[in-house]
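The values are calculated or read from the model by the stated rules, or taken from the named source; none is laboratory data. Just so it is clear, the structure is predicted and the values come from calculations on it, not from any experiment. Note: ideal-geometry Cβ built from the backbone for every residue, glycine included; neighbour counts use all protein chains shown. Just the protein is used for accessible areas: all its heavy atoms, side chains included, with ligands, DNA and RNA removed. Shrake-Rupley method; radii C 1.70, N 1.55, O 1.52, S 1.80 Å.
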Amino acid sequence: MMDINQFQWIREPKNYSIKEGCMEITTEPHTDLWQRTYYHFRNDNAPVFQMETEEKFFSFLVKTDFSHSSYRFDQCGVVMYLDSENWMKASVEYENEEFQHLGSVVTNHGYSDWATTAIPADVKVMWYRFSRREDDYCIECSHDGGRFYQMRICHMWEGGGKIRFGIYACSPEDSSFTAIFTDMRITECAWKAHEGQQPD
């Protein structure tokens, strides 16, 4: 189990609780993380709870329970927030009663992308594994905490030194829900070195 005392808030929410092995965050309406691309707006007000490290090779795991999400774009998940223009996140975003978006956002130098796949709306629990290999990163997801599937690999231009990573929850529209985080832990890097073509 991780030492929660190593974590610090960026934009501490009004309502949250920390119990042994469990973190609950109740989101506030109109909170989000997004920069520029396509929508041309900038949102940088979601609460983020994270710790610092200079370790170059590790994995961070967390289980998220979003059973109470019920409004478009309600979300909670894993995050690496360096500053307002350099960060990445992965989550399930509620869409409607039929489906949700399992996806990730990578923001480099002030421009965000959004990569998603549709999953059934009755999925209410998701594990994430965030792995670092120097300034490259991998995010994986799992329905059971045992078998993980790759969501994306990316490079973070400002992610080569000391970083901060952890969890977040937000509700971009006029809604609120309580996100539950458990099973947080750090392990040796589960994202192994590439065995194929040799580096240039």
- prompt: From 23, 80, 51, which residue is in contact with a helix residue (DSSP H, G or I) (Cβ under 6 Å, 6 or more places away or on another chain) and at pLDDT 95 or above?
  reply: 51
Test result for residue 12, more than 23 Å from residue 150 (Cα to Cα), touching a residue at least 60 places away in the same chain (Cβ under 8 Å) and of a type outside the set (S, T, N, Q): no
field: Out of 92, 79, sole residue that is aliphatic (A, V, I, L, M), in a strand (DSSP E or B), under 19 Å from residue 186 (Cβ atoms) and open to solvent by less than 10 Å² (accessible area, probe 1.4 Å)
entry: 79
message: With within 26 Å of residue 148 (Cα to Cα) and not aliphatic (A, V, I, L, M) as the only criterion, which of 70, 84, 17 stands out?
response: 70
- line: Matching residues in segment 111-135 (outside any loop (DSSP other than H, G, I, E, B) and either on the phi > 0 side of the Ramachandran plot or surrounded by 15 or more Cβ atoms within 10 Å (Cβ to Cβ) (or both)) number 13
query: Restricting to segment 23-47, what's the tally of residues that are hydrophobic (A, V, I, L, M, F, W, C), more than 15 Å from residue 110 (Cα to Cα) and touching a Cys at 6+ places or on another chain (Cβ under 9 Å)?
result: 2
message: Within segment 2-67, considering only strands (runs of 3 or more DSSP E) that don't extend past its boundaries, which have at least 2 residues that are open to solvent by less than 30 Å² (accessible area, probe 1.4 Å) and in contact with a Gly (Cβ under 9 Å, 6 or more places away or on another chain)?
response: 48-53, 57-65
statement: Taking segment 143-156 and keeping only residues that are within 29 Å of residue 30 (Cβ to Cβ) and either open to solvent by 30 Å² or more (accessible area, probe 1.4 Å) or of a type in the set (Phe, Trp, Tyr) (or both), one is left with 151, 152
field: Residue identified as in a strand (DSSP E or B), of a type in the set (A, V, I, L, M, F, W, C) and in contact with a Pro (Cβ under 8 Å, 6 or more places away or on another chain) among 170, 138, 154
entry: 170
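Rundown of residues vs (1) among the polar types (S, T, N, Q); (2) open to solvent by 50 Å² or more (accessible area, probe 1.4 Å); (3) at pLDDT 95 or above; (4) in a loop (DSSP other than H, G, I, E, B), yes/no style:
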{"site": "160", "(1), (2), (3), (4)": "no, no, yes, yes"}
{"site": "165", "(1), (2), (3), (4)": "no, no, yes, no"}
{"site": "176", "(1), (2), (3), (4)": "yes, yes, yes, yes"}
{"site": "180", "(1), (2), (3), (4)": "no, no, yes, no"}
{"site": "185", "(1), (2), (3), (4)": "no, yes, yes, no"}
{"site": "196", "(1), (2), (3), (4)": "no, no, no, yes"}
{"site": "200", "(1), (2), (3), (4)": "no, yes, no, yes"}
- request: Among the residues of segment 141-151, write down those that are in a loop (DSSP other than H, G, I, E, B) and touching a residue at least 40 places away in the same chain (Cβ under 8 Å).
  value: 145, 148
- request: State all residues of segment 95-105 that are open to solvent by 10 Å² or more (accessible area, probe 1.4 Å) and of a type in the set (A, V, I, L, M); if no residue qualifies, say none.
  value: 102
